[in-house]
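Everything on this sheet refers to the single structure shown next.
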Amino acid sequence: MSSPVIERIESIIVDLPTIRPHKLAMHTMQQQTLVIIRLRCSDGVEGIGEATTIGGLAYGNESPESIKANIDAHFAPLLKGQDASNINACMQRLDKSIKGNTFARSGIESALLDAQGKRLGLPVSELLGGRVRDSLEVAWTLASGDTARDIAEAEQMLDIRRHRIFKLKIGANPLEQDLKHVVAIKKALGERASVRVDVNQGWDESQAIRGCQVLGENGIDLIEQPISRINRSGQVRLNQRSPAPIMADESIESVADAFSLAADGAASIFALKIAKNGGPRAVLRTAQIAEAAGIALYGGTMLEGAVGTLASAHAFITLEKLTWATELFGPLLLTEEIVTEAPVYRDFQLHVPRTPGLGLTLDEERLARFRRH
Ligand code: MUC
Ligand code: MG
């Protein structure tokens, strides 16, 4: 039997409305923009992937527009005509000619995995060696910018049993105002919830020394990326003195970053993101570095829609231990989806399909309605 060949790669920018503004230290999202990748093969199989970021260029080095331009001009010509069933060979071919661009790379790797899974009749988790669970606990991010509204939102999530872990986005307001906001939310929720913060690099080290101390003393379970990803020695010092564990997020822009953070002792938890490592297989290499170094794991998100969220989930359900659970809630932030069946969230967990590939089908009508022209 001849090998299936990659015939066409299409990248589509999709703008989707969100349930409310989502306020991060560096940007307030009023909508979310996804880049959907369709990889068509000569055997009639189509793989789908997603390469999504937050706030244009506010968060990472790639924007939706640059992701699309680079896939169209550089990734697609390298892959056209290649054996679609050999994911190692395809990704190594890209490695030789393309530096960085982990978001675009992740979307392509996801699409190749989806296609191969559909071809073999296997879920992506099984292509990655096999799942050890069927669902993942999912945190919710409180980021309305208003304390009373955040508490009401958390109470509602507890009531409907959708989330009992809450991550608060801070770092944009003055330090004391942020600390008051977080402590008030923790007091209101008490032992009923795990409360964590993501500073998104918003503090300098002098602020972080006080911030981490106060938050640790007030029952906050985890502090994500308190200072600049560039300040490595500051991260090492904070990791040694903070009473609450420090998680690296923006600091990890590649698998190699994960290795050097582990070698330096700059964090005790890693946020795993397929987009920042180059795909579901690449993120598992970062997980292996963490496991070897005794660093705990957390399943992160770039607020992808259903496709990117399930590509992440299929990788995360193969891991032995995800001590800090996940934040794979991206689809729940959107009021519209572009797949026929939305991912299932129930009893605090995201349930990962056992159908072939990622387990998703694009909804052509919705895709046509929301794609950018
Ligand atoms: C980040 O920095 O972790 C994940 C959840 C959220 O609200 O923002 C993202 C990005
Ligand atoms: Mg973060």
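Brief remarks on what is shown
- Qualifying positions in the range 286-338 - of a type in the set (Ser, Thr, Tyr), closer than 26 Å to residue 236 by Cβ and away from ligand 1 (no atom under 14 Å from the Cβ): 286, 323
- Members of the range 199-228 found to be within 15 Å of ligand 1 (Cβ to nearest atom), in contact with a strand residue (DSSP E or B) (Cβ under 8 Å, 6 or more places away or on another chain) and free of Cβ contacts under 8 Å to residues at least 60 places away in the same chain, listed by number: 203, 223, 224, 225, 226, 227
- Any hit, the range 307-329, residues being among the basic types (Lys, Arg) and either touching a Ser or Thr at 6+ places or on another chain (Cβ under 8 Å) or within 14 Å of ligand 2 (Cβ to nearest atom) (or both): no
- Condition check for residue 195: within 16 Å of ligand 2 (Cβ to nearest atom) and either part of a strand (DSSP E or B) or surrounded by fewer than 23 Cβ atoms within 10 Å (Cβ to Cβ) (or both): yes
- Just so you know, in the range 157-198 the residues that are within 16 Å of ligand 1 (Cβ to nearest atom) and β-branched (Val, Ile, Thr) include one that is farthest from residue 221 (Cα to Cα), and it is 170.
Matching residues to (1) more than 24 Å from residue 278 (Cβ to Cβ); (2) within 15 Å of ligand 2 (Cβ to nearest atom):
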position	(1), (2)
210	yes, no
214	yes, no
218	yes, no
225	no, yes
228	no, yes
241	yes, no
247	no, yes
255	no, no
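- Only listed residue being in contact (Cβ under 8 Å) with a residue 24 or more places away in the chain, basic (Lys, Arg) and within 16 Å of ligand 2 (Cβ to nearest atom), chosen from 80, 23, 68: 23
- The condition of being small (Gly, Ala, Ser), touching a Phe, Trp or Tyr at 6+ places or on another chain (Cβ under 7 Å) and surrounded by 24 or more Cβ atoms within 10 Å (Cβ to Cβ) holds for only one of 296, 267, 271, that being 271.
- Residues (farther than 23 Å from residue 271 by Cα and of a type outside the set (Gly, Ala, Ser)) located in the range 319-345: 335, 336, 337, 338, 339, 340, 341
- The range 81-131, subset surrounded by 22 or more Cβ atoms within 10 Å (Cβ to Cβ) and among the acidic types (Asp, Glu), residue nearest to the chain's Cα centre (by Cα): 109
- Any hit, the range 36-44, residues being part of a helix (DSSP H, G or I) and either of a type outside the set (Val, Ile, Thr) or free of Cβ contacts under 8 Å to residues at least 24 places away in the same chain (or both): no
- Pairs where the first residue, in the range 307-330, is among the aliphatic types (A, V, I, L, M) and the second is more than 16 Å from ligand 2 (Cβ to nearest atom) and part of a helix (DSSP H, G or I), C-beta under 6 Å, 6+ apart: 311/110; 311/280; 315/280; 315/284; 317/125; 319/287; 328/313
No value in this document is a laboratory result; all are computed from the given coordinates. Keep in mind the model is a prediction, meaning the values are calculated, not measured. Glycine gets a Cβ as well: all are built from the backbone with ideal geometry, and neighbour counts include every protein chain shown.
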